[in-house]
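Peer 1: Below: one structure in structure tokens.
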Amino acid sequence: MKIPRILVIEDKIDIHNLFLGQVAGRADMVLVATIEYAEKIIGRENDFDAIALDGCVPGDEINTLPLLKKLLDKFCCPIIAISSSKWYNKELIEAGCTHSL
């Protein structure tokens with residue numbers, strides 16, 4: 001059975017740890033904390049089963065919408081909006097995320 005690969009694009013380490021704790025041993029997690037590093041990862045990899053995307057990486061202003069467009073162009077997997085702001089999650093869903101937490 002193939003272990004799922006999940007890309008988490010989030011700048012807060014406590015959220016990284018939360019994801020790691022929830023999926024320990026059941027998924028391969030790729031954790032990135034900047035848009036620039038996320039772009040490098042998506043430029044060279046194409047085998048993610050899901051992507052979790054924060055609205056603000058880093059900071060407090062929504063800035064991942066251009067990255068979301070790149071993700072949508074390359075991947076056909078679920079892309080989950082994971083912002084702590086309901087408004088940012090709504091913006092990400094309207095821009096193309098398939099799910100929201």
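Peer 1: Could you check, for the range 13-31, whether at least one of its residues is buried (at least 19 other Cβ atoms within 10 Å of the Cβ) and either of a type in the set (D, E, K, R) or outside any helix (DSSP H, G or I) (or both)?
Peer 2: We begin by selecting, within the range 13-31, every residue buried (at least 19 other Cβ atoms within 10 Å of the Cβ); these are none.
The answer is no, given that none of the residues of the range 13-31 is buried (at least 19 other Cβ atoms within 10 Å of the Cβ) and either of a type in the set (D, E, K, R) or outside any helix (DSSP H, G or I) (or both).
Peer 1: Can you tell which of ASN46, ASN89, ASN17 is at pLDDT 95 or above and among the polar types (S, T, N, Q)? Full working, then the answer.
Peer 2: Working: ASN46 fails: at pLDDT 95 or above; ASN17 fails: at pLDDT 95 or above.
Step by step, each of ASN46, ASN89, ASN17 is checked, and only ASN89 is at pLDDT 95 or above and among the polar types (S, T, N, Q).
Peer 1: While we're on this one: Can you confirm whether ILE41 is assigned to a helix (DSSP H, G or I) and either among the β-branched types (Val, Ile, Thr) or in contact (Cβ under 8 Å) with a residue 24 or more places away in the chain (or both)? If you could, list the steps in order and put the result at the bottom.
Peer 2: Details: assigned to a helix (DSSP H, G or I): yes; either among the β-branched types (Val, Ile, Thr) or in contact (Cβ under 8 Å) with a residue 24 or more places away in the chain (or both): yes.
When the stated conditions are applied, ILE41 passes them.
Peer 1: How about the range 44-89: which of its residues are touching a residue at least 12 places away in the same chain (Cβ under 8 Å), of a type in the set (D, E, K, R) and over 22 Å from ARG5 (Cβ atoms)?
Peer 2: Within the range 44-89, none qualify.
Peer 1: For GLY59, all conditions in the list (1) part of a loop (DSSP other than H, G, I, E, B); (2) buried (at least 19 other Cβ atoms within 10 Å of the Cβ) hold save one; what is the number of the exception?
Peer 2: (2) is the only condition that GLY59 fails.
Peer 1: Now, a different point. On the given criteria, is LEU72 in a helix (DSSP H, G or I), modelled with pLDDT of 95 or more and surrounded by 17 or more Cβ atoms within 10 Å (Cβ to Cβ)?
Peer 2: Details: in a helix (DSSP H, G or I): yes; modelled with pLDDT of 95 or more: yes; surrounded by 17 or more Cβ atoms within 10 Å (Cβ to Cβ): no.
Spelling it out, it is not the case that LEU72 is in a helix (DSSP H, G or I), modelled with pLDDT of 95 or more and surrounded by 17 or more Cβ atoms within 10 Å (Cβ to Cβ).
Peer 1: If you don't mind, another one. Scan the range 82-100 and tell me whether some residue there is assigned to a strand (DSSP E or B) and small (Gly, Ala, Ser).
Peer 2: Filtering the range 82-100 down to residues assigned to a strand (DSSP E or B) leaves 99-100.
Filter once more, keeping what is small (Gly, Ala, Ser): 100.
The answer is yes, given that some residue of the range 82-100 is assigned to a strand (DSSP E or B) and small (Gly, Ala, Ser).
Peer 1: Same structure again: Restricting attention to the range 62-81, report how many residues are over 18 Å from GLU39 (Cβ atoms) and aliphatic (A, V, I, L, M). Steps first, please.
Peer 2: Going residue by residue through the range 62-81, those that are over 18 Å from GLU39 (Cβ atoms) are 76, 78, 80-81.
Filter once more, keeping what is aliphatic (A, V, I, L, M): 80-81.
Qualifying residue count for the region: 2.
The values are calculated or read from the model by the stated rules, or taken from the named source; none is laboratory data. Model, not experiment: these values are computed from the prediction. So basically every Cβ, Gly included, is an ideal-geometry build from the backbone, and we count neighbours across all protein chains shown.
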